[in-house]
Amino acid sequence: MSNLSCLPLVTLNLQTGNLLNCKKCLATPSKEVQDFIQKTLTEWSSKTGQDLNQEIVEVPECTVAQAVEKMNPEERDELKVSAKLFIIGSNSSSVRDEVDMACSALGIAQLDSVIIAPPPIEDGTSLSVYLQHSWQELESLVQNKKITTISTSDLDKMLLEQLYVWAQVKPSSNHVNQASCCVMPPDLTGLAKQVDIRLLSNKDPKELLCEARFQEVLWESIQNVKAHKWIPLWILRYSVIVKSRGIIKSKGYIMQAKINAS
């Protein structure tokens, strides 16, 4: 994984994978990711004995090693690798770093698709500067063949239209949360048809993990940790799908957080 030395604050990388044969797969997306964080941190701290309260020069990488499965190069053409990037807070790292970490974890050179889910944005607001910056990075990764297709999640009609007009590489789809939208909004449906963007449903909440809940899980996982100082940045969920059968072969999460030194 990348050592994000450009960050002014200490960062923490968490990773686990192959969640299919476990009870987590029956949980809600929010509960699943909380279980992942707790399991990863608990196992990492018990094995390394590292104290997150101390000054750390390098980026701690918390990995459940036996759960991470690198892909067999001979099987790559038979598999589709998709990722969804959930932005939680103000992000100090780049989308390229996040994609590089996912590719490194899986032992591949390219992701077939990436969906970006920005933090909750109020209805009717203009396209955020952050989303523009992230989309530009995604476009660059497409042009450099690091990603094949890019999509959005939970954009309303106004935001999706703004992005479509502004973007050089258009989103191939927009994923709409089922909990907040049982029926696709007519204005969004009309726009999608007009510009040829697929509308797909998903069960992910708009806010997968808030800062307060992350700190609670951190406090429950590591003894005496100063959880209130840690801020989650992003979570990337990846899935490896067998193309011919449409089934998920493996699934996992990669996450990054930083500590506020003040």
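The table that follows gives values for the structure above.
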| read-out | value |
| --- | --- |
| Distance in nm between pseudo-label sites at Glu74 and Asp187 (7 Å out along the Cβ direction from Cα) | 5.5 nm |
| 13 Å beta-carbon shell around Leu141, net charge (K/R +1, D/E -1) | -3 |
| Extension gain, Lys243 back to Gln136 (0.36 nm per residue minus Cα-Cα distance, nm) | 35.7 nm |
| For Asp154, residues with placed amide H under 5 Å, excluding near neighbours | His175, Val176, Asn177 |
| Residues whose placed amide H lies under 5 Å from that of Ile88, excluding near-sequence neighbours | Trp234, Ile235 |
| Convex hull per residue volume in Å³, alpha carbons only, for segment 127-225 | 138 Å³ |
| Segment 34-40 - phi-based ³J(HN,Hα) in whole Hz, Karplus 6.51/-1.76/1.60, Gly and Pro as x | 5, 4, 4, 4, 5, 5, 5 |
| Dipole in debye (nearest 20) - segment 133-210, about Cα centre, beta carbon charges: Lys, Arg +1; Asp, Glu -1 | 260 debye |
| Alpha-carbon centroid distance for the pair segment 129-153 / segment 189-208, whole angstrom | 17 Å |
| DSSP beta bridges in segment 149-262 [antiparallel fraction, %, rounded to 5] | 65 percent |
| Kirkwood estimate for segment 138-182, i.e. one over the average of 1/r between Cα atoms, Å | 11.5 Å |
| Filter on Lys39/Lys251; Lys84/Lys145; Lys146/Lys193; Lys84/Lys251 - keep pairs with C-alpha separation over 23 Å | Lys146/Lys193 |
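Rule-based calculations on the coordinates, nothing more; no lab input. Note that the coordinates shown come from a computational prediction; the quantities given were computed from them, not determined experimentally. Reconstructed Cβ throughout: ideal geometry from the backbone, glycine too, with neighbour counts over all protein chains shown.
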